[in-house]
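Remarks on the structure that follows.
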Amino acid sequence: MLDLLITNATLPDGRRHISVAVQDGRIAEVTEGLRAPAHETVDAGGLLLSPPFVDAHFHLDSALTYGQPRVNASGTLLEGIALWGELKPTLTHEAIVERALAYCDWAVARGLLAIRSHVDTSDPRLLPVHALLDVKQRVAPYLDLQLVAFPQDGLLRRPGALENLQRALALGVDVVGGIPHFERTYAEGSESVRILCALAAEQGKRVDLHCDESDDPQSRHVETLACETQRLGLHGRVTGSHLTSMHSMDNDYASKLMALMAEAQLGVVANPLINVTLQGRHDTYPRRRGMTRVPELLAAGLTVAFGHDCVLDPWYAGGSADMLEAAHMGLHLAQMTSAQAMRQCFEAVTTHPAALLGLQGYGLAPGCHADFVLLHARDPAEAIRLRATRLGVWRRGRRVASSPAPVAQLALPGRPGQVSLLAPPRPPE
């Protein structure tokens, strides 16, 4: 007898009337119309069954600190960094853990079951590192938390920053991080990229750098990142996050840069909610959106993910751990409105970030972990449009969250493939 059987599901690739059989926490079979005895059977009613959402870029140590010690009045990246600097001396292990666990509860309820969180290593106490390593262990049964050693104040800007980062890696932090555009000079920023990539190569770690997070078209550290990735043979293990300067670069240079990035197999994370909020603050009109060139990077063959980045912290006054909100904003900013492009926006919060994190056993195929989300939508585009209700969330075949179906959906009555306004689909049993 199976542990769990999901029947009559629609998958993100368009397959319909699909059954997913689960045994011992893994997917045993994915096929059309399977009927078999199971301890639990759920009729999906033709709705969308997706692998779980994945956030490839977040800051869990600062989450839910909005208003402490004050609000970011200018709304800029630099004031946010300054505010975080004011807050850090007052942080406690217990407070970081409490906020992070609360956020993880939000995440699981929304089907977000894997997060890559950058953790500040600037303070010699490594207080955020110890706290989030504690959180990582506590949430492991229901959420994969991958940590990035992130020298928020710069690697070469502060004495001891490199040593702090190395200590964090030794404690069990997974990924090497950095912030080259925040170093004192362009030369020191490039040098930090070389140091961090060499360190990652030596230790067999992945790399994820905050890179060129500005409106300056001359901020070009991703070029160095691609070069070092190529030189050290780190292909497929390196991610450039933000890359907002690409929004302002001239097209001739950007086309050359994207080819270099593709050759190095760089991953890319755009953070639509935060990029549009923080960038363009020095513009009058026309005002730049600030997000990197997502459609062009995808066309060049790169793996591009959307991250949430911040929720209720010194940089952002909104957010709710909903990756469909990030996909919705990304769709609009990048004008990704074709049917294919909207599917790519859904992939940017599911399969693409899973690839960047190197998640093992992710997906809806036999042998994968039985982790999935039943959404009150018929397809990925509708899921994004409605920021669809998560009717059920499963982790290793066990239901960990559920929500009741909404009374009605704003769909076109009678349109094929749409949720009916008058007769909403039956919720799972």
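The values are calculated or read from the model by the stated rules, or taken from the named source; none is laboratory data. Please read all numbers here as calculations on a predicted model, not as lab measurements. Ideal geometry is used to build each Cβ from the backbone, glycine not excepted, and the neighbour counts take in all protein chains shown.
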Regarding region 339-355, can at least one residue be identified that is in a loop (DSSP other than H, G, I, E, B), out of contact with any helix residue (DSSP H, G or I) (no Cβ under 8 Å at 6 or more places or on another chain) and surrounded by fewer than 22 Cβ atoms within 10 Å (Cβ to Cβ)? no
Failed criterion for R378 (all others in (1) in the same structural domain as V20 (by TED's automatic domain parsing); (2) crowded, with 20+ Cβ neighbours inside 10 Å; (3) touching a Phe, Trp or Tyr at 6+ places or on another chain (Cβ under 9 Å) hold): (3)
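Is region 94-110 home to any residue that is part of a strand (DSSP E or B) and either out of contact with any Leu (no Cβ under 9 Å at 6 or more places or on another chain) or among the β-branched types (V, I, T) (or both)? Can you show your working first?
Quick first cut of region 94-110, residues part of a strand (DSSP E or B) only: none.
No, every residue in region 94-110 fails to be part of a strand (DSSP E or B) and either out of contact with any Leu (no Cβ under 9 Å at 6 or more places or on another chain) or among the β-branched types (V, I, T) (or both).
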Just need a number here: residues in region 80-101 that are polar (S, T, N, Q) and free of Cβ contacts under 8 Å to residues at least 24 places away in the same chain. 1
Kindly indicate whether any position in region 16-28 is in a loop (DSSP other than H, G, I, E, B), buried (at least 23 other Cβ atoms within 10 Å of the Cβ) and not assigned by TED's automatic domain parsing to the domain that holds I274. no
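Per-residue answers, yes or no, for (1) crowded, with 17+ Cβ neighbours inside 10 Å; (2) among the aliphatic types (A, V, I, L, M):
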site: V129; (1), (2): yes, yes
site: Q137; (1), (2): no, no
site: F150; (1), (2): yes, no
site: L162; (1), (2): yes, yes
site: G172; (1), (2): no, no
site: R184; (1), (2): no, no
site: L196; (1), (2): yes, yes
site: H210; (1), (2): yes, no
site: S214; (1), (2): yes, no
So, in region 177-208, how many residues would count as being out of contact with any helix residue (DSSP H, G or I) (no Cβ under 6 Å at 6 or more places or on another chain) and either among the polar types (S, T, N, Q) or in a strand (DSSP E or B) (or both)? 5
Counting just the residues of region 140-177 that are of a type in the set (V, I, T) and out of contact with any Leu (no Cβ under 6 Å at 6 or more places or on another chain), which one comes out farthest from I96 (Cα to Cα)? V175
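What about L143, is it modelled with pLDDT of 95 or more and either buried (at least 20 other Cβ atoms within 10 Å of the Cβ) or touching a Pro at 6+ places or on another chain (Cβ under 6 Å) (or both)?
Values: modelled with pLDDT of 95 or more: yes; either buried (at least 20 other Cβ atoms within 10 Å of the Cβ) or touching a Pro at 6+ places or on another chain (Cβ under 6 Å) (or both): yes.
Answer is yes for this residue.
Every residue, every condition in (1) assigned to a strand (DSSP E or B); (2) touching a Cys at 6+ places or on another chain (Cβ under 9 Å), yes or no:
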position: P12; (1), (2): no, no
position: H39; (1), (2): yes, no
position: S62; (1), (2): no, yes
position: G67; (1), (2): no, no
Kindly check whether there is at least one residue in region 163-176 that is closer than 30 Å to R396 by Cα, assigned to a loop (DSSP other than H, G, I, E, B), free of Cβ contacts under 8 Å to residues at least 40 places away in the same chain and assigned by TED's automatic domain parsing to the domain that holds F58. yes
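Conditions tested, residue by residue: (1) under 25 Å from A264 (Cα atoms); (2) among the small types (G, A, S).
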| site | (1), (2) |
| --- | --- |
| R289 | no, no |
| G307 | yes, yes |
| V311 | no, no |
| A317 | no, yes |
| A321 | no, yes |
| S338 | no, yes |
| L364 | no, no |
| C368 | no, no |
I'd like to check something: does region 263-285 contain any residue that is within 23 Å of E228 (Cβ to Cβ) and out of contact with any strand residue (DSSP E or B) (no Cβ under 9 Å at 6 or more places or on another chain)? yes
Among the listed residues A383, A388, identify the single one that is at pLDDT 95 or above, closer than 19 Å to R15 by Cβ and assigned to a loop (DSSP other than H, G, I, E, B). A388
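Give the residues of region 102-134 that are over 21 Å from A149 (Cβ atoms) and either in contact (Cβ under 8 Å) with a residue 24 or more places away in the chain or in contact with a His (Cβ under 6 Å, 6 or more places away or on another chain) (or both), sorted by residue number. I'd like the intermediate steps shown before the answer.
Just the residues of region 102-134 that are over 21 Å from A149 (Cβ atoms), to begin with: 102, 105-113.
Answer for region 102-134, where residues must be over 21 Å from A149 (Cβ atoms) and either in contact (Cβ under 8 Å) with a residue 24 or more places away in the chain or in contact with a His (Cβ under 6 Å, 6 or more places away or on another chain) (or both): A102, W106, A107, V108, A109, R110, G111, L112, L113.
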Taking region 1-35 and the residues there that are at pLDDT below 95 and of a type in the set (A, V, I, L, M), the one that is farthest from Y316 (Cα to Cα) would be M1
